[in-house]
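The values are calculated or read from the model by the stated rules, or taken from the named source; none is laboratory data. Only a predicted model underlies this, so the values are computations on that prediction, with no experimental measurement involved. Methodologically, a virtual Cβ is constructed for each residue, glycine included, from the backbone with ideal geometry; neighbour enumeration extends over all protein chains shown. The protein model used for the area step is the full one, side chains on, heavy atoms only, and it has no ligands, DNA or RNA in it. Shrake-Rupley method; radii C 1.70, N 1.55, O 1.52, S 1.80 Å.
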Amino acid sequence: MKKAIAILGSTGSIGKQCLEVVSIFPSRLRVAALATRDDVDAIVEQVKKFQPRIISVLNDEAKAKVEAKLAGAKVQIFTGAEGLLKVATAADAKMVVVAIPGSLTLTAVLEAVKLKKDIALATKEVLVAAGDIFMSEAKAAGVKIFPIDSEHSAIAQCLRGEDRKTVKKIILTASGGPFLKTPAEKLALMTAKEALKHPTWKMGPKITIDSATLMNKGFEVIEAHHLFGLDYAQIEVVIHPESIIHSLVEFVDGSIKAQLGAPDMRVPIQYALLEEERQANHWGRLDFSKVTGLTFAKPDLAKFPCLEYAYTAGKAKGTLPAVLNAANEEAVNQFLKGKFNFDQIAVKIKAVLAKVPNKENPTLEEILAVDKQARETVNHGG
Ligand code: MG
């Protein structure tokens, strides 16, 4: 049976790779709705090829351009927050792929969950900022969450067939980012351009910088806590620059299961879109004759303090993870604009975490309010 999917962020790196997977399984998957920011040419091509009934773009200007290029096409075009909501709640979509970085999609994704749509989650910020709310809504609605992240996909695969009570801990692997071997004192001089060169994975700018600061790994720790119901003490991070072991699970008897594969996001994407069904892989495969070695190291928290901030915020719960997320998003934005150097990202985040008070058991409205407050603090008072 053909499953209809909606994709929030269809013209980004993950969104495009999702559509590649859809193309490979035309008898299994079709596209119901797509949302992009303002990549007009790409969304026009996607509409022609995948024929969604609903699309969304950032604003009226982008909408006018899309309309001009799609004259006569049977597609409804929406904009802004309403557009994201229309795409996430498209009537025929059974699964929503969430692949827009940032907290922009929170409201739309929660609505999709309430409508019992399964979620394929690439956007880390949903679980980081509103993990407790998201997980309890998902549980209440009985929807399944399929992680589109190599690490969480790996953990989910290692946990298959295992009794969760026998899990001792999980170990998330981290490439270490482009500055793994850069001396700490040199980090201060790093520019956005240098930080955008990621060694193994090909990703968008926000997540590439998050990978360089290890905040990406910190977010993955918080995500893993929510997705797999583990205490923070049970979640470890190990630096593994080759990105071949995607993550590991250690059980009470000392056995460790690892999931390995070529570093290609289309593999976990396919696994998520097909709801953990194994199907032939059309992408790259791991060739052990070409693997020269697998290396591991402890993360250097003095050099990459963002990882520690994520543990701190995650354990504190309440609104602090949302503050962490928003402060990071704003600091990374400004770094990408060239406003300050690399080391200042962590400095700004730390200042905001100390400044915005934590609130326990927040509502979504309260989370969105601290999100705004944290951004303003980065801009004006951090
Ligand atoms: Mg990852």
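Among the listed pairs Lys124/Lys355; Lys206/Lys317; Lys94/Lys193; Lys117/Lys339; Lys63/Lys114, which are separated by more than 31 Å between their Cα atoms?
Lys94/Lys193; Lys117/Lys339
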Listed residues Gln279, Gln157, Gln51, most fluctuating in the chain (Gaussian network, C-alpha, under 10 Å): Gln279
10 Å-binned pair-distance histogram of segment 3-147 (Cα, whole percent): 13, 47, 32, 8, 0
Environment charge at His152 (Cβ cut-off 10 Å; Lys +1, Arg +1, Asp -1, Glu -1): -3
Estimated FRET transfer efficiency (Glu236, Ala184; beta-carbon r; R0 25 Å; 0.05): 0.65
Charge sum, other residues only, whose C-beta stays under 15 Å from Ala258's C-beta, Lys/Arg counted +1 and Asp/Glu -1: -1
Within segment 3-147: Cβ-based charge dipole about Cα centre, in debye rounded to nearest 20 (Lys, Arg +1; Asp, Glu -1): 600 debye
Pairwise FRET efficiency - His380 versus Ala280, Cβ, R0 = 56 Å, nearest 0.05: 0.55
Anchor Lys197: aspartates and glutamates whose Cα lies under 14 Å away (excluding residues fewer than 8 positions away in-chain): Asp210
The chain, accessible surface, carbon-and-sulfur percent (1.4 angstrom probe): 53 percent
DSSP-assigned coil residues among trypsin sites (Lys or Arg not before Pro) in segment 192-243, each with at most 11 further Cβ atoms within 10 Å: Lys197, Lys202
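With N set to the residue count of segment 93-215, report its C-alpha Rg divided by 2.2 N^0.38 Å to two decimal places.
1.25
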Sequence-distant residues sharing a close amide H with Phe78 (under 5 Å, placed H): Ile55, Ser56, Val57
Rounded accessible area per residue of segment 23-81, 1.4 Å, Å²: 55 Å²
Nearest-10 value in Å² for the accessible area of Met190, using the 1.4 Å probe: 20 Å²
Interchain or long-range residues, amide H under 5 Å from Lys3's placed H: Leu29, Arg30
Ile148 long-range amide H proximity, modeled H, under 5 Å: Leu121, Ala122
Translational diffusion of the chain, µm² s⁻¹ [Kirkwood Rh, Cα pairs; Stokes-Einstein; 37 °C; 0.692 mPa s]: 155 µm²/s
Approximate spin-label separation Lys193-Lys144, in nm, with each point projected 7 Å along Cα-to-Cβ: 4.7 nm
Residues Leu301 and Asn358, FRET efficiency given R0 of 22 Å [Cβ-Cβ distance, rounded to 0.05]: 0.55
Karplus 3J(HN,Hα) series, Hz, for segment 319-328 with 6.51 cos²θ - 1.76 cosθ + 1.60 (x for Gly, Pro): 8, 4, x, 5, 5, 4, 4, 5, 4, 5
Stokes-Einstein translational diffusion, segment 150-241 - Kirkwood Rh over all Cα pairs, 0.692 mPa s, 37 °C, in µm²/s: 228 µm²/s
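Counting other Cβ atoms within 10 Å of each Cβ, which chymotrypsin sites (Phe, Trp or Tyr not before Pro) in segment 232-315 have at most 14 and sit in a DSSP loop?
Answer in residue order: Phe296.
Which order do you get for Phe134, Phe50 if you rank them by accessible area with a 1.4 Å probe, largest at the top?
Result, largest first: Phe50, Phe134.
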